[in-house]
Amino acid sequence: INLCGWGNNEKQYYRKENVSVADGMLSITSMKEKYASNEYTSGRINTSGKASWTYGKMEARIKMSKGQGLWHAFWMLPQDFVYGGWPHSGEIDIMEYLGHKPGMFQTTIHYGDPWPYNKYKYNQFLGTDFSTDFHQFTLIWDVDKIMFYIDSVKVGEQTPKTIAPYHWPFDQRFYFIINTA
């Protein structure tokens with residue numbers, strides 16, 4: 001996708017130099033620096049074309065940073081978009097966290113009609129300041145159910161019935177994206 005801001009009016013430019021792995025830990029660094037026509041840089045990784053899954057248990061231990069303007073996400077998009085472009089083929093947001101709301105994160109599925117009439121269902125979780133420690137974000141994805149967890153506590157569930165009358169597009173291969181916008 002040649003849309004650096006993914007249509008969300010993001011202010012960063014994603015650079016591979018802002019992603020590193022050391023001691024078994026992935027780090028994404030966001031910086032206030034002018035690059036191209038952007039005022040900020042950050043990083044994004046994805047498994048598109050490398051690895052994708054249909055169903056299973058997916059999880060990551062993540063520690064976020066807090067601060068105005070930061071948007072951390074651990075999410076999935078369809079590998080092949082067999083039902084058409086976004087959001088017809090779905091999107092699964094395992095965790096989205098806004099740095100100015102350090103005690104809240106959200107899970108979301110996207111589906112349905114083309115933007116701006118697209119549909120989504122979400123669950124918000126209020127808790128501790130998620131920037132102070134690592135937390136386990138988990139997706140358990142079955143044929144007819146998607147369940148979201150934090151630290152083994154269920155925070156949401158979506159099924160074909162919750163999005164009816166729309167088609168359940170979550171029956172194909174999806175790949176991971178981890179980024180900070």
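Tyr13 passes every criterion in (1) modelled with pLDDT under 95; (2) assigned to a loop (DSSP other than H, G, I, E, B) apart from (2). Cβ-Cβ contacts under 6 Å between residues 6 or more apart (or on different chains), taken from a first residue in the stretch 157-170 that is in contact (Cβ under 8 Å) with a residue 24 or more places away in the chain to a second residue that is open to solvent by less than 70 Å² (accessible area, probe 1.4 Å) and part of a loop (DSSP other than H, G, I, E, B), are listed as Pro169/Ser89; Pro169/Gly90; Phe170/Gly90. Counting only strands (runs of 3 or more DSSP E) that sit wholly inside the stretch 88-169, those with at least 1 residues that are of a type in the set (S, T, N, Q) and surrounded by 13 or more Cβ atoms within 10 Å (Cβ to Cβ) are 104-112, 118-126, 135-142, 153-158. Could you check the stretch 55-87 and list, in sequence order, the residues that are over 15 Å from the mean Cα position of the chain (by Cα) and either in a strand (DSSP E or B) or of a type in the set (Gly, Ala, Ser) (or both)? Within the stretch 55-87, Gly56, Lys57, Ser65, Gly67, Gly69, Gly84, Gly85 qualify.
Residues in the stretch 16-39 that are among the small types (Gly, Ala, Ser) and part of a loop (DSSP other than H, G, I, E, B): Gly24, Ser30, Ala36, Ser37.
The values are calculated or read from the model by the stated rules, or taken from the named source; none is laboratory data. All figures in this text were calculated on a predicted structure; none of them were measured in a lab. Positions of Cβ are backbone-derived with ideal geometry, glycine not excepted, and every protein chain shown enters the neighbour counts. For accessibility, only protein heavy atoms count, side chains too; no ligands or nucleic acids. Shrake-Rupley method; radii C 1.70, N 1.55, O 1.52, S 1.80 Å.
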